[in-house]
Amino acid sequence: MSMTQHAEPAVGTPPAPGRKESDGRTKQRPPVLRLLARPEVGVFLGAVAVYVFFLIAAPPVREGSAMANILYQSSTIGIMALPVALLMIGGEFDLSAGVAVITSALTASMLSYQLTMNVWVGVVVALLVSLGIGFLNGWMVVKTGLPSFLITLGTFLILQGVNLAVTKLVTTNVATDDISDMDGFAQAKKIFASSFEVGGVQVKITIVYWLVFAAIATWILLRTRYGNWIFAVGGNKESARAVGVPVTFTKISLFMLVGFGAWFVGMHQLFTFNTVQSGEGVGQELIYISAAVIGGCLLTGGAGSAIGPVFGAFMFGMVQQGIVYAGWNPDWFKAFLGVMLLGAVLINLWVQRTATRR
């Protein structure tokens, strides 16, 4: 008799065809939760809520001309919010973005008028100045290792003072001279500040530029190597550098993109109003940053999108114009913005926590 016992094979019910056993670790979340995890979903819901609110509170908003004005106001914010958002995804801030818009407009206006030159000369020089400011900001951040908050705060104060001082020195006034009768003005106005008719409603060209820039920014972030670099340097620049990401180039180029946006918006303002007030632009940088934050860009960098800031800018434009159409005191605008910012941040936090909860 053998001392060795052989275990009988366990007999069980075979798994049903098509069923896979799971321990829960690889279980996919429902599509709705995966959708809610997107950073732009929260701001989209907020934008819809604000829109519906003013549709009820301000009946004139229902008219096509009113919506065109709202989209125009949103576009002037949104064009700058896009590069600011990319910079924030890359882990940096630019507090000089607001006054840099005025710097570019002042440069083009005064150079063209005082030297009696074609306005396109001023436009090109203003572009070089704006890109130079962005390069300087980025270079100082990279080379010194100081927080971009401090570097660009210094740039903000410098530009604010230079805008006022140089304008008074050159024009003996706080505003530039009217350049509407100068060579090249009509052509430049068609590019930067024209409008076209859609269904009997005048639509500003900046709305088209805003949407085109948003599409380009989205493509860059999602489909290009440069977009991967932006997310990498924003997440952890040392790790990014270790795997071959050109951190210096990426950060400096992002600051220069903000400079390009400042130039473009500055040219729009110049050729819309024909003159520039040198004291304007202060505080606008907070609007641009807020639109990006509301749009889902993290303050710590490494996360965000280009679509979110589009909805964030629309919310700002909707509130700014909606208050006017509702007949309320415009002084409430900043209070609404503060409430909207806090509300959007809390909604984004709640949505992301809900989406990632098992």
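The values are calculated or read from the model by the stated rules, or taken from the named source; none is laboratory data. Please read all numbers here as calculations on a predicted model, not as lab measurements. We place every Cβ from the backbone using ideal geometry, glycine too, and count neighbours over all the protein chains shown. Each accessible area value is taken on the protein alone, full model and side chains, heavy atoms only, with ligands, DNA and RNA left out. Shrake-Rupley method; radii C 1.70, N 1.55, O 1.52, S 1.80 Å.
Would you check if there is a residue in segment 192-202 being part of a helix (DSSP H, G or I) and in contact (Cβ under 8 Å) with a residue 12 or more places away in the chain? Taking every residue of segment 192-202 in turn, at least one turns out to be part of a helix (DSSP H, G or I) and in contact (Cβ under 8 Å) with a residue 12 or more places away in the chain. Just one of LEU115, LEU128, LEU111 is modelled with pLDDT of 95 or more, open to solvent by 10 Å² or more (accessible area, probe 1.4 Å), out of contact with any His (no Cβ under 9 Å at 6 or more places or on another chain) and closer than 23 Å to THR176 by Cα; which is it? Every option except LEU128 fails the conditions.
Against the numbered list (1) surrounded by fewer than 20 Cβ atoms within 10 Å (Cβ to Cβ); (2) part of a helix (DSSP H, G or I); (3) free of Cβ contacts under 8 Å to residues at least 60 places away in the same chain, ASN173 comes up short only at (2). All of ALA313, ALA326, ALA240 fail the test of being under 15 Å from ALA85 (Cβ atoms) and of a type in the set (A, V, I, L, M), apart from ALA313.
Residues of segment 294-306 include at least one that is assigned to a helix (DSSP H, G or I) and touching a residue at least 60 places away in the same chain (Cβ under 8 Å). Screening SER278 on (1) more than 24 Å from TRP139 (Cα to Cα); (2) within 18 Å of the chain's Cα centre (by Cα) shows it passes everything except condition (2).
Here ASP94 fulfils each of the conditions (1) surrounded by 24 or more Cβ atoms within 10 Å (Cβ to Cβ); (2) without any contact (Cβ under 8 Å) to a residue 40 or more places away in the chain; (3) of a type outside the set (Ser, Thr, Tyr) apart from (2). Checking each residue in segment 38-84 for being under 26 Å from PHE231 (Cα atoms) and open to solvent by 40 Å² or more (accessible area, probe 1.4 Å) picks out ARG38, PHE44, LEU45. Out of the residues in segment 256-283 that are small (Gly, Ala, Ser) and either without any contact (Cβ under 8 Å) to a residue 12 or more places away in the chain or open to solvent by 20 Å² or more (accessible area, probe 1.4 Å) (or both), state the one that is farthest from PHE316 (Cα to Cα). Among residues in segment 256-283 that are small (Gly, Ala, Ser) and either without any contact (Cβ under 8 Å) to a residue 12 or more places away in the chain or open to solvent by 20 Å² or more (accessible area, probe 1.4 Å) (or both), the one farthest from PHE316 (Cα to Cα) is GLY279. Could we say that VAL245 is part of a loop (DSSP other than H, G, I, E, B) and open to solvent by 10 Å² or more (accessible area, probe 1.4 Å) here? Yes: the conditions hold for VAL245. In segment 131-150, of all residues being farther than 18 Å from ILE89 by Cα and among the β-branched types (Val, Ile, Thr), the one that is modelled with the lowest pLDDT corresponds to THR144. Is it the case, given these coordinates, that MET315 is in contact with a helix residue (DSSP H, G or I) (Cβ under 9 Å, 6 or more places away or on another chain), over 30 Å from ALA108 (Cα atoms) and in a helix (DSSP H, G or I)? Yes; evaluated as a whole, the condition is true for this residue. Got at least one residue in segment 152-162 being in contact with a helix residue (DSSP H, G or I) (Cβ under 6 Å, 6 or more places away or on another chain), without any contact (Cβ under 8 Å) to a residue 60 or more places away in the chain and either open to solvent by less than 50 Å² (accessible area, probe 1.4 Å) or among the polar types (S, T, N, Q) (or both)? Scanning segment 152-162 turns up at least one residue that is in contact with a helix residue (DSSP H, G or I) (Cβ under 6 Å, 6 or more places away or on another chain), without any contact (Cβ under 8 Å) to a residue 60 or more places away in the chain and either open to solvent by less than 50 Å² (accessible area, probe 1.4 Å) or among the polar types (S, T, N, Q) (or both).
Scan segment 86-131 for residues that are of a type in the set (Gly, Ala, Ser) and either closer than 23 Å to LEU298 by Cβ or within 19 Å of the chain's Cα centre (by Cα) (or both) and the total you get is 8. Assessment of segment 13-30 against the conditions (modelled with pLDDT of 65 or more and surrounded by fewer than 15 Cβ atoms within 10 Å (Cβ to Cβ)) yields at least one matching residue.
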